[in-house]
Amino acid sequence: MTRAANAMEPLVFRCHGSALVGVLHRAGGDGCEVAVLVIVGGPQYRVGSHRQFVSSAMAIAAVGFPVLRFDYRGMGDSEGEHSGFEHIADDIRAAIDALDAACKPRRGVVLLGLCDAASAALMYCRSDPRVAGLILMNPWVRSDQTQAAVVVKRYYATRLLQADFWRKLVSGGFDFIGSVGSLFSNLVRATRQPASRAEGFIESMRSGLRHFTSPVMIVQSGRDLTADEFRARCRRDAEWRRGLERDGVEAIDMPEADHTFSGAAHLEEFNCRCRMWLARHFGDPSCR
């Protein structure tokens, strides 16, 4: 039997002098093994596309795990300047401080993030012993090389199977020179060695996945270029593959879902997977 989550309540805390605004979903009952911190990918705020994060927070809190959704500096209702997902470690730490003080989870905090927020979570996880686990949705690992490789595979290969392409080719309405030029440009970008500076945040993510020893769940959508780029990088890079294959890392594919799980059935499946994963690794509060 599950316990109902209490009403949402505002939570305001500070990071380097800026007021950060969050919404805390207190779970029913006293005490918890872990609480969940939702880190929002940009550019959006704590509600998320189609109220995605509200839905997930309510579903998770309903089975006994408190959840905090918050806006980091310069986003949503929070003060300060936005400096990009690569520079929000202090915001995450301040949010964990606030969540820890409000709920006192015994085993720490699980970070949940979508897209570049998933990237930020991987970059942050090893710096704070309170991080007890990660739920990552379609992590952002974009570079010119991965983007071009995915475009070549997804767009050009698919285009050859479309009847509209062949009708244009036969009728003379197809821009052959322009298309070949675009294909060649993408092939060059796909095979070009990326600059090490541009790969800095990706290396930090990879290191986080390889050396973080607590449970990780990675959910990858099938209808999403960002997820395609993540899969392509993992296929190409042995270090990424070793990270995915280590004990405690669970990779889940949702073939029909888009980037934000906008279909009601897909979001419900994601929420269900979160609840089951949390219960499996951190106990089921509803059974106490």
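Hey, among the residues in region 76-94 that are under 17 Å from the mean Cα position of the chain (by Cα) and hydrophobic (A, V, I, L, M, F, W, C), which one's farthest from Gln44 (Cα to Cα)?
The residue in question is Ala89.
Can Gly113 be described as at pLDDT 60 or above and not assigned by TED's automatic domain parsing to the domain that holds His25?
no
Answer yes or no: is there a residue in region 258-276 that is of a type in the set (Gly, Ala, Ser), farther than 29 Å from Arg130 by Cβ, touching a His at 6+ places or on another chain (Cβ under 6 Å) and surrounded by 21 or more Cβ atoms within 10 Å (Cβ to Cβ).
The answer is no, given that none of the residues of region 258-276 is of a type in the set (Gly, Ala, Ser), farther than 29 Å from Arg130 by Cβ, touching a His at 6+ places or on another chain (Cβ under 6 Å) and surrounded by 21 or more Cβ atoms within 10 Å (Cβ to Cβ).
For region 207-230, which residues satisfy the criterion of being basic (Lys, Arg) and either crowded, with 21+ Cβ neighbours inside 10 Å or over 27 Å from Val109 (Cα atoms) (or both)?
Arg223
Does region 140-160 contain any residue that is over 15 Å from the mean Cα position of the chain (by Cα), under 17 Å from Val216 (Cβ atoms) and modelled with pLDDT of 95 or more?
no
Please work out which residue is surrounded by the fewest Cβ atoms within 10 Å (Cβ to Cβ), limiting yourself to region 18-39 and to residues that are over 21 Å from the mean Cα position of the chain (by Cα) and within 16 Å of Asp77 (Cβ to Cβ).
Taking the candidates together, the pick is Ala19.
What do you reckon, is Arg26 of a type in the set (Lys, Arg) and under 14 Å from Ile92 (Cα atoms)?
Considered against the rule, which asks whether it is of a type in the set (Lys, Arg) and under 14 Å from Ile92 (Cα atoms), Arg26 comes out as no.
Looking at (1) closer than 20 Å to Val34 by Cα; (2) without any contact (Cβ under 8 Å) to a residue 60 or more places away in the chain, find the lone condition where Met75 falls short.
(1)
Have a look at Gly64, Gly74 and point out the one that is of a type outside the set (Val, Ile, Thr), in contact with a helix residue (DSSP H, G or I) (Cβ under 8 Å, 6 or more places away or on another chain) and in a loop (DSSP other than H, G, I, E, B).
The unique qualifying residue is Gly64.
Within region 203-247, track down each residue that is in contact (Cβ under 8 Å) with a residue 60 or more places away in the chain and either outside the structural domain of Ser119 (by TED's automatic domain parsing) or more than 18 Å from Cys125 (Cα to Cα) (or both).
The answer is Gln220, Ser221, Asp224, Leu225, Thr226, Ala227, Asp228, Glu229, Phe230, Ala232, Arg233.
Tally up the residues in region 116-127 that are surrounded by fewer than 24 Cβ atoms within 10 Å (Cβ to Cβ) and either under 14 Å from Pro43 (Cα atoms) or without any contact (Cβ under 8 Å) to a residue 40 or more places away in the chain (or both), please.
Number of matching residues: 1.
Considering every residue within region 246-257, establish whether at least one is β-branched (Val, Ile, Thr), surrounded by 15 or more Cβ atoms within 10 Å (Cβ to Cβ) and under 22 Å from Ala132 (Cα atoms).
Yes - at least one qualifying residue is present in region 246-257.
Could you please find all residues in region 277-288 being exposed (fewer than 15 other Cβ atoms within 10 Å of the Cβ) and part of a helix (DSSP H, G or I)?
Arg280, Cys287
The values are calculated or read from the model by the stated rules, or taken from the named source; none is laboratory data. Nothing here was measured: the structure is a model prediction, and the numbers come from that model. So basically every Cβ, Gly included, is an ideal-geometry build from the backbone, and we count neighbours across all protein chains shown.
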